[in-house]
Amino acid sequence: MEEKIQTAKNLIEEADVLVIGAAAGLSEAAGLHYGGPRFRQHFSDYMERYGLTDMYSSAFYPFASPEEKWAYWARHIQLNRYGKSLPLYRELHELVKDKETFVITTNVDGQFAKAGFDDALFFEVQGNYGEFQCSLPCQQEVFPNQELVEAMVQASQDFKIPSSLIPHCPRCQSPLVPHLRVDGAFVETQKWHQQEAAYLKFLQEHAEQKLVFLELGVGYNTPTIIKFPFERLNAALPQASLIRVNLEDGEKEGIITIQEDIKEVIATWRN
């Protein structure tokens with residue numbers, strides 16, 4: 001494993017460009033846990049009141065009213081989107097900052113932006129906690145939510161927010177929802193399509209160069225977004241390499257698979 005980690009480090013250093021593909025495993029390694037002690041610390045009252053066990057399953061809980069639903073979601077969003085930048089993301093940025101790097105991620109927590117990654121070389125495929133969208137949707141448009149989320153958190157009492165703070169679409173007055181890809185109503189804004197086009201352009205422009213695909217914490221929930229395309233591109237492009245860091249992935253021919261904690265691997269690469 002040490003030899004693999006060193007080989008991967010050499011490939012990163014020798015690369016002309018990098019493409020980072022990141023999913024929940026990276027944020028988990030960084031400390032953004034959806035369950036366990038972190039959930040108990042911030043949602044012990046919800047555990048007692050509703051029997052909730054973690055932030056993933058809680059997102060699907062059938063709250064009895066919009067006031068109750070938004071009291072939960074405001075805290076969820078504030079904790080996972082508007083907290084501090086996590087050290088692991090900053091360390092990753094330090095590792096690759098001298099390389100031209102594109103990031104494609106299914107994470108919705110905004111940690112790449114907080115760490116200083118270039119917004120022009122960045123594709124958030126599944127949305128962002130920091131935005132609301134119309135539930136219909138009536139427009140392919142999103143709305144920044146920090147001010148409203150913070151107001152909800154401040155005003156929450158007895159597991160409810162005031163009815164006046166329930167968010168509605170300013171265009172059609174339908175309920176707003178978090179801008180997350182959970183069904184076919186997900187909004188793909190003009191910026192979303194620009195990010196997608198930038199990603200495809202980046203791949204086309206650097207197809208003949210030493211290109212390293214660095215896959216971090218990508219599982220099989222949505223493998224068609226990062227994992228499978230990275231495998232195909234690695235096989236097709238003449239000077240491409242694929243480094244996969246994930247505790248649960250098995251070996252595959254032509255891929256450097258590192259079954260170690262992401263945090264420890266990045267620390268080793270930086271030394």
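The values are calculated or read from the model by the stated rules, or taken from the named source; none is laboratory data. Keep in mind it's a predicted model, so treat the numbers as computed, not measured. Cβ atoms come from the backbone with ideal geometry, glycine included; neighbour counts cover every protein chain shown.
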**Complete:** Within segment 36-69, the residues that are surrounded by fewer than 18 Cβ atoms within 10 Å (Cβ to Cβ) and either in the same structural domain as Asn107 (by TED's automatic domain parsing) or under 24 Å from Arg90 (Cβ atoms) (or both) are Gly36, Pro37, Arg38, Gln41, His42
**Asked** In this structure, is Phe186 within 19 Å of Leu79 (Cα to Cα), surrounded by 15 or more Cβ atoms within 10 Å (Cβ to Cβ), hydrophobic (A, V, I, L, M, F, W, C) and out of contact with any Ser or Thr (no Cβ under 8 Å at 6 or more places or on another chain)?
**Response** no
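To keep it simple, each residue is scored yes or no on (1) hydrophobic (A, V, I, L, M, F, W, C); (2) in the same structural domain as Glu264 (by TED's automatic domain parsing); (3) farther than 30 Å from Thr7 by Cα; (4) out of contact with any strand residue (DSSP E or B) (no Cβ under 9 Å at 6 or more places or on another chain).
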| residue | (1), (2), (3), (4) |
| --- | --- |
| Ser164 | no, no, yes, yes |
| Leu200 | yes, yes, no, yes |
| Ala207 | yes, yes, no, no |
| Ile226 | yes, yes, no, no |
| Pro238 | no, yes, no, yes |
| Leu242 | yes, yes, no, no |
**Request:** Report whether or not Tyr72 is outside the structural domain of Lys263 (by TED's automatic domain parsing) and either in contact with an Asp or Glu (Cβ under 8 Å, 6 or more places away or on another chain) or surrounded by 20 or more Cβ atoms within 10 Å (Cβ to Cβ) (or both).
**Result:** yes
**Message:** So, restricting to strands (runs of 3 or more DSSP E) that lie completely within segment 56-171, which ones have at least 2 residues that are of a type in the set (A, V, I, L, M)?
**Reply:** 100-105
**Message:** For the structure I just gave you, tell me whether Ile266 is outside the structural domain of Leu176 (by TED's automatic domain parsing) and farther than 21 Å from Glu2 by Cβ.
**Reply:** no
**Request:** Could you list, in sequence order, all residues of segment 205-221 that are in a loop (DSSP other than H, G, I, E, B) and in contact (Cβ under 8 Å) with a residue 40 or more places away in the chain?
**Result:** His206, Gln209, Lys210, Gly217, Val218, Gly219, Asn221
